[in-house]
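I have a structure I would like to understand better, so I am pasting it below and will then ask my questions one at a time.
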Amino acid sequence: MRRRLVSRDFQTDHHNVPLTVVGGAFIIMGWYGFNGGSSLAANSIGSLAVLNTHLSMWYVGLALYLLWRATTTHDDDNNDDNNNNNDAWRAAWPA
């Protein structure tokens, strides 16, 4: 048995981003269909399940964005090459 490879020994790249997005879309559509159809009728229980699914996905996305914003350094914000009208974003999103 050989030594285990660690991440600095080889570089991994994204393999196929469009297929990853399509797969994620299929999972989300199935999730909505499963949760909304779990009441076996088009009534308020099914609509509340769909609403709960939608809001939970939205809050998880917001939490991940805020976690990413809090844990990463934003050195490229001070770069003048990429500074095409970023003042409005800085005012809206304090770092």
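Sort 18-30, 43-55 by packing, meaning the average of other beta carbons within 10 Å per residue, with the highest value first. Present the calculation step by step, with values, prior to reporting the outcome.
Numbers: 18-30: 10.2, 43-55: 13.2.
So the order, starting with the most tightly packed, is 43-55, 18-30.
How big is the Kirkwood radius of segment 17-70, worked out from every pair of different alpha carbons and given in Å to one decimal? Mind dumping the intermediate values first?
On the way: mean 1/r = 0.0803 Å⁻¹.
The answer is 12.5 Å.
Values quoted throughout were computed directly from the atomic coordinates according to the rules given, and no laboratory measurement underlies them. Computed from a predicted model, the values in this text were never measured in an experiment. Cβ sites come from the backbone with ideal geometry, for glycine too, and all protein chains shown count toward neighbours.
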